[in-house]
Amino acid sequence: MCGICGRIGKKSICRKCEISLTKKAAFMVEDYRNTTGYFETHIYLFQYGGEIRNAILNYKFNEKPYIYRTFVNFLKNSEKMYVQIKKYDIIIPVPISKKRLKQRGYNQSAIISKNIAKNFNLEHNDRILTKIRDNKMQSSLDKEDREKNVRDVYSVTKTEKIKGKKILLIDDIFTTGNTVNECSRVLKNAGATEVGIFTIAKD
């Protein structure tokens with residue numbers, strides 16, 4: 001089934017949607033080393049909007065986890081993305097709370113991170129970084145409150161696994177960057193030498 005338009009078929013994206021998304025694909029690598037953030041690089045596939053926005057919302061909230069195949073297939077066909085991702089030692093998803101995991105049934109970032117690791121032959125670990133406190137959804141808050149909302153929400157359980165390692169942190173959407181920045185801060189404090197961010201889209 002096509003993850004974009006829902007057309008029944010053997011592939012994760014139909015030919016019509018594949019042509020449309022190929023034209024819109026950004027395949028961007030942005031450098032954050034000279035900013036006040038804790039991560040060095042942001043890699044993303046698309047600008048957030050249109051059918052990409054609809055696909056991500058369906059994937060995240062409407063019980064359609066199979067849509068991950070559409071995004072991962074786009075990613076693995078890009079040589080530029082391959083070169084960037086292979087620089088990292090471990091792939092880690094942004095965790096969600098136990099409460100939200102129970103409600104949703106899956107962590108959308110973990111599904112993508114696991115399959116990126118599999119396709120790029122990299123180590124994957126979704127137990128290193130955990131969410132220790134259930135907070136409000138970032139999308140429900142204004143810019144100023146988002147930073148406070150994620151402070152001290154995440155923790156590293158196994159510092160020995162990431163000490164001296166380059167980490168690629170996976171999330172679905174990059175809006176203000178507060179969530180991934182807080183996760184990066186925690187990972188850096190636990191000994192990671194470098195943190196890169198990968199998202200499907202940037203708002």
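Bear in mind that the values in this text are calculations on the coordinates, not laboratory data. Since we're looking at a predicted model, the values are computed, not measured. Neighbour counts are summed over all protein chains in view; Cβ atoms, including those assigned to glycine, are modelled from backbone coordinates with ideal geometry.
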message: What's the magnitude of the charge dipole for the chain around its Cα centre, counting Lys and Arg as +1 and Asp and Glu as -1 at the beta-carbon? Answer in Debye, nearest 20.
response: 720
task: Please identify, among Leu122, Leu169, Leu141, the residue showing maximal mean-square fluctuation in a Gaussian network model of the chain using a 10 angstrom Cα cutoff.
output: Leu141
task: Could you work out the Kirkwood radius for the stretch 69-159, taking every pair of different alpha carbons, averaging 1/r and inverting it, reported in Å?
output: 14.8
statement: With the charge dipole of the stretch 14-130 built from beta-carbon charges (+1 for Lys and Arg, -1 for Asp and Glu) about the Cα centre, the Cα from Gln47, Ala110, Asn77 projecting farthest to the positive end belongs to Ala110
task: Fewest Cβ neighbours within 10 Å first, please rank Lys188, Lys23 accordingly.
output: Lys23, Lys188
- request: With Kirkwood radius over Cα pairs in Å defined as stated, name the option among (i) 17.2; (ii) 17.6; (iii) 16.4 computed from the structure displayed.
  value: (i)
- line: Check: C-alpha center the stretch 5-22 vs C-alpha center the stretch 141-203, spacing in Å is 32
Euclidean distance between Cα centres, the stretch 50-83 to the stretch 92-127, Å: 14
task: For each of Lys102, Lys16, count neighbouring Cβ atoms within 10 Å of the residue's Cβ, then give the residues from fewest to most.
output: Lys102, Lys16
- line: Filtered hits (lysines, Cα-Cα < 20 Å from Lys98, offset >= 8 within chain) -> Lys60, Lys64, Lys114, Lys131, Lys136, Lys158
query: Can you pull out the cysteines in the chain that have no other Cys Cβ under 4.7 Å?
result: Cys5, Cys17, Cys183
- request: Counting other beta carbons within 10 Å of each Cβ, put Thr159, Thr70, Thr175 in order, fewest first.
  value: Thr159, Thr175, Thr70
